[in-house]
């Protein structure tokens, strides 16, 4: 897929001969294939421990000879808000995706936030497609596919969007590609496995060999990071796997930028059990049963590895200032903010928040009621995310910065780095 420059005016976004402007940010058209990777749950330390163990020679070279930065992810430090920030170049206040799960104010129902109708702006992908670029979007879990692929004209050899999870169900009409498993040479992986992420990289390499898309976005799952800390044998195996595929993409001349949607921390006590503050139980005691409603934005269809326990929650309640003060006095609560305070502090859409936003400390998680959480799938002591303590993530590239850049880095600077700032 060779890059073709065009001159075109698009409502809200602009395309010129050498530049695309999306959501107020301008990007050069790619001079070589550009691959941006979101390594789900990759806190700083995973990559470093793998190459220190001699398992990741490509990462070792990139960290010493390329660009090696630390960035902040958006809050809450969950999958959906951050993936959509990376591909729109903007925080949730702009794109509207405030969590994996929320209370839809239109219906009054708790729903997964994976429907493309919840996305309020265009991603970079349709804009680059209008500029003549070939696009490939590959995710591990299908929950992200509709959001990431919104607006793409799916065309075989020119634009595709599919997931590892439902690779066997990919069609030209729905995904821009069919026969994915035959192309990749792998069966559909188990959703709770490292293989779900490996399939993303294997498919990326095959598509780059066959179609050479100008823009490729790869998004993995954090199944491994939820169970295994940096430097452990299983974690090193996982990063060694990535290292091999990334080296192949590099050998094909790709500019590669890697970042993460969030970090990960241990969230258990000395007894190895999850260290939880059950907010619904707390509010039922404080305000009366069912007088408040707690929503956990970490919730998604895949809760086996985290039990829907994370470090960020929203609460719908009356008398929010009163409960805010009470929460702030509690051990294990890092922040308790009113709706408007949280929207301003975390760049979130106020209309998709509760009356209170609650963030727990580094090693604590927040739940609803103890009876509602199935923790039987936690075969390892809980590691999770969602809070401020999981904001730091890697932002690295296999090429050097063209000139020094002094600014606070965000994970949604990934495409800016790849297209505008490196040599």
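Please treat every number below as a calculation from the coordinates, not as lab data. Every value quoted in this text rests on a predicted model; they were computed, and no experiment measured them. Glycine also receives a Cβ, built like all others from the backbone with ideal geometry; neighbour counts cover every protein chain displayed.
Numerical summary
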{"read-out": "Full-extension gain in nm, residue 168 to residue 120, via 0.36 nm per residue minus C-alpha separation", "value": "14.3 nm"}
{"read-out": "Protection proxy ranking, peptides 383-395, 157-169, average beta carbon neighbours within 10 Å, highest first", "value": "383-395, 157-169"}
{"read-out": "Which of 133, 38 has the fewest Cβ neighbours within 10 Å, and the rest in rising order", "value": "133, 38"}
{"read-out": "Burial order of peptide ranges 339-346, 357-364 (average beta-carbon count within 10 Å, highest first)", "value": "357-364, 339-346"}
{"read-out": "FRET efficiency, residue 21 to residue 290 (Cβ-Cβ, R0 35 Å, nearest 0.05)", "value": "0.15"}
{"read-out": "Cα centroid separation - the stretch 219-252 against the stretch 19-52, whole Å", "value": "15 Å"}
{"read-out": "Among 203, 371, 260: highest mean-square fluctuation, GNM of the chain, C-alpha pairs under 10 Å", "value": "371"}
{"read-out": "Residue order, fewest to most beta carbons within 10 Å, for 254, 73", "value": "254, 73"}
{"read-out": "Beta bridge orientation in the chain: antiparallel %, DSSP, nearest 5", "value": "60 percent"}
{"read-out": "Sorted by Cβ density within 10 Å, fewest first, the residues 239, 278, 46", "value": "278, 239, 46"}
{"read-out": "Label-point separation, residue 69 to residue 206 (7 Å along Cα→Cβ), nm", "value": "3.4 nm"}
{"read-out": "Choice from 401, 148, 29 with maximal GNM fluctuation in the chain (Cα, 10 Å cutoff)", "value": "401"}
{"read-out": "Most fluctuating residue given options 201, 312, 102, as computed from a GNM of the chain linking Cα atoms under 10 Å", "value": "102"}
{"read-out": "Extended-chain gain in nm, criterion 0.36 nm per residue less alpha-carbon gap, residue 104 and residue 155", "value": "15.1 nm"}
{"read-out": "Relative contact order computed over the stretch 276-382 (Cα-Cα under 8 Å; 6+ residues apart), in percent", "value": "37 percent"}
{"read-out": "Theoretical FRET efficiency, 1/(1+(r/R0)^6), r = Cβ-Cβ of residue 193 and residue 53, R0 25 Å, to 0.05", "value": "0.70"}
{"read-out": "Mean residue ellipticity (222 nm) of the chain, computed from DSSP H runs ≥ 4 via -39,500 (n - 2.57), nearest 500", "value": "-7500 deg cm²/dmol"}
{"read-out": "Rounded, prolate or oblate (a/c below 1.5 giving rounded, otherwise prolate when a/b exceeds b/c) for the stretch 100-225 by Cα gyration tensor", "value": "oblate"}
{"read-out": "Of all DSSP beta bridges in the stretch 35-174, antiparallel share, percent nearest 5", "value": "45 percent"}
{"read-out": "Label-point separation, residue 401 to residue 331 (7 Å along Cα→Cβ), nm", "value": "4.2 nm"}
